Amino acid sequence: MKTEERRRQLDDDSRFADFVAARADALLRYGYVLSGDPHDAADLTQEALLRLHRAWSRVDRKDNPESYTRRIMARLHVSVWRRRRRERLFWELPEQVSLDTLPSETEQDLWQAMKGLPRKQRAVLVLRYFEQLTDAEIATVLGISRGTVRSHASLGLSKLRSSVPNPTATKGSAS
């Protein structure tokens, strides 16, 4: 009996390691979109994967592990744990060539404006437009009502519209 239990544990550990190897980069990018900071993204990803590991045998059999991990990350992001004051480190671009293109000036303005939003508004916008979740799914992930999701989305979009210049209006006025 103990041999079978040990074999199952090794199999679970192997599947978990395969999941992390396959999806860690995508989860890190998701963390960056949520937090706007590479260091916070790494912290979010690491903490979410630790929590996933503790629940792996249950999640692997019943749930989608990536969806579960993203839900953990979204909840961590808006939690009190993420609100504590921290030293901000500056990130320098790597010297290696990257396949990703750098954001345009307009996109950089948008990311800066996103950083200025309250955490729940930013989380709602990321889940809606980056993850393409419905209001009901966002409400479930964040543990809030659908009305609150719509309210946060409306307020967040309003703040973004007022703080990021419209690139088409700028081009039209230059002629």
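Summarise the accessible area of the stretch 1-73 (1.4 Å probe, protein heavy atoms) by the percent that is carbon and sulfur.
Details: 2110 of 4300 Å².
The C+S portion of the solvent-accessible surface of the stretch 1-73 is 49 percent.
How would you order 16-24, 133-141, 71-79, 49-57 from highest to lowest mean count of nearby Cβ atoms within 10 Å?
Answer by packing, highest mean first, reads 71-79, 133-141, 49-57, 16-24.
Would you kindly find the accessible area of T45, with a 1.4 Å probe and non-protein molecules such as ligands, DNA and RNA excluded, rounding to the nearest 10 Å²?
10 Å²
Subtract the Cα-Cα distance of L157 and T134 from 0.36 nm times their separation in residues, and report this length gain in nm to one decimal.
6.7 nm
Roughly how many nanometres apart are two label points built 7 Å out from the Cα toward the Cβ at R150 and R119?
Once both label points are built, they end up 2.6 nm from each other.
Taking 0.36 nm per residue of sequence separation and subtracting the Cα-Cα distance, how much length would be gained by fully extending the chain between A24 and L110, in nm to one decimal?
Between A24 and L110, full extension yields an extra 28.4 nm.
The values are calculated or read from the model by the stated rules, or taken from the named source; none is laboratory data. None of these values were measured; they are calculated from a predicted model. Note that we place each Cβ from the backbone using ideal geometry, even for glycine, and neighbour counts take in every protein chain shown. These area figures cover heavy atoms from the full protein model, side chains too; ligands, DNA and RNA do not enter into them. Shrake-Rupley method; radii C 1.70, N 1.55, O 1.52, S 1.80 Å.
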